[in-house]
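In what follows, a structure is listed as structure tokens, so that the remarks can point back to it.
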Amino acid sequence: MANTITNMAHTLLAQRIFEAFVAKITPANRFSNNFSDETVQRGGVVKVPFVSSQDAAGDFAGSYTMQDANAEGKDITINKRKYVSWGLTTAELADNPQLAGEMFIDNKANQLAKAFLQDIWSPITAANFGAAGLTSLATNFDSDDVIDLSVVCDTADWPEFMRSLILKETYYGNMLKDTSINDASAYGGDGAIKSGIVSRVGGFDCFKSTLIPANGENLVGFAANPDAILWASRVLVPEDPSGVINFETFTDPVSGLTLVYREWTNPDTDTTNRVLEINYGYALGNPAAIKRIVSA
């Protein structure tokens, strides 16, 4: 019975890390994706649908010429595997298994989210997405900059739906200071001043992230359309199921994203090892679908 309680406690711990991880990677879900709790082997291929730029309208000249619909699918190889892990001895588990876990929930979730996000955002460079759409210091960033960036996207003929703005915390924080945003009567809601949340500005759904990589180019944020980066996630089956005493999956009911939990015991060290991992792959989509924000 004690083993069952211990396993349950650490399954709950894994669930809490998973929930914190999902919350931290919310901005990544604004890109084209394909999630499932189906199992694949490492190197398996998943097709991610996306809609690229459409053909220009034509003049009717006695008959219709059928244009391509340009709804495409890109094959994404599941070749990435990021994880967090922890090992506790029998004595440590006996002392207080739940408390021992709660101490590192946020840290483990943050480290997994950081490794994952900085990987899929690593291609956001000038070589892949062109010149920066905006150059600004955090102390100067406000709603006027967001409007300027919106004009850049308009000029690039972006569709006006599903535009996202993802900002480092310092830029997001300075935007919160803008009186046109934190003044409820001006903004049309008190979310900014009460909760520190900016939902929409200048046609963008706004997100804050402390995990945006600089990519060697002073990257501090970006405007994006979903087809800029395509990614997929699946469950990898254990290479040797006999060595895993507990194998579970955790699926987000909203996005469908699934993480894998593995648990096994090392009798030589009297340690029970636990791993929570994400298995995924990604590829570049439309090179015109990101406008970078840089500090210099």
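Before moving on, here are some points about what is shown:
- Identity of the residue in the range 152-177, β-branched (Val, Ile, Thr) and either over 17 Å from Val294 (Cα atoms) or within 23 Å of the chain's Cα centre (by Cα) (or both), that ends up surrounded by the most Cβ atoms within 10 Å (Cβ to Cβ): Ile166
- Test: residue in the range 127-141 that is at pLDDT 90 or above, within 28 Å of Thr258 (Cβ to Cβ), assigned to a loop (DSSP other than H, G, I, E, B) and touching a strand residue (DSSP E or B) at 6+ places or on another chain (Cβ under 9 Å): no
- Arg234 passes every criterion in (1) surrounded by fewer than 20 Cβ atoms within 10 Å (Cβ to Cβ); (2) in contact (Cβ under 8 Å) with a residue 60 or more places away in the chain; (3) over 30 Å from Val146 (Cα atoms) apart from (1).
- Considering each residue of the range 64-87 in turn, at least one proves to be within 20 Å of Phe250 (Cβ to Cβ), modelled with pLDDT under 90 and not hydroxyl-bearing (Ser, Thr, Tyr).
- Residue match in the range 199-220 (condition: more than 21 Å from Leu149 (Cβ to Cβ) and surrounded by fewer than 15 Cβ atoms within 10 Å (Cβ to Cβ)): yes
- Some residue of the range 198-216 being farther than 24 Å from Lys168 by Cα, among the β-branched types (Val, Ile, Thr) and touching a residue at least 12 places away in the same chain (Cβ under 8 Å): no
- Verdict on Arg16 being at pLDDT below 90 and surrounded by 15 or more Cβ atoms within 10 Å (Cβ to Cβ): yes
- Those residues of the range 237-276 which are at pLDDT below 90, touching a Phe, Trp or Tyr at 6+ places or on another chain (Cβ under 9 Å), among the hydrophobic types (A, V, I, L, M, F, W, C) and outside any strand (DSSP E or B), in sequence order: Val237, Val244, Ile245
- Exclusive hit being under 18 Å from Ala14 (Cα atoms) and surrounded by 17 or more Cβ atoms within 10 Å (Cβ to Cβ), set Thr258, Thr249: Thr258
The values are calculated or read from the model by the stated rules, or taken from the named source; none is laboratory data. For clarity, every value in this text was computed on a predicted model and none was experimentally measured. We place every Cβ from the backbone using ideal geometry, glycine too, and count neighbours over all the protein chains shown.
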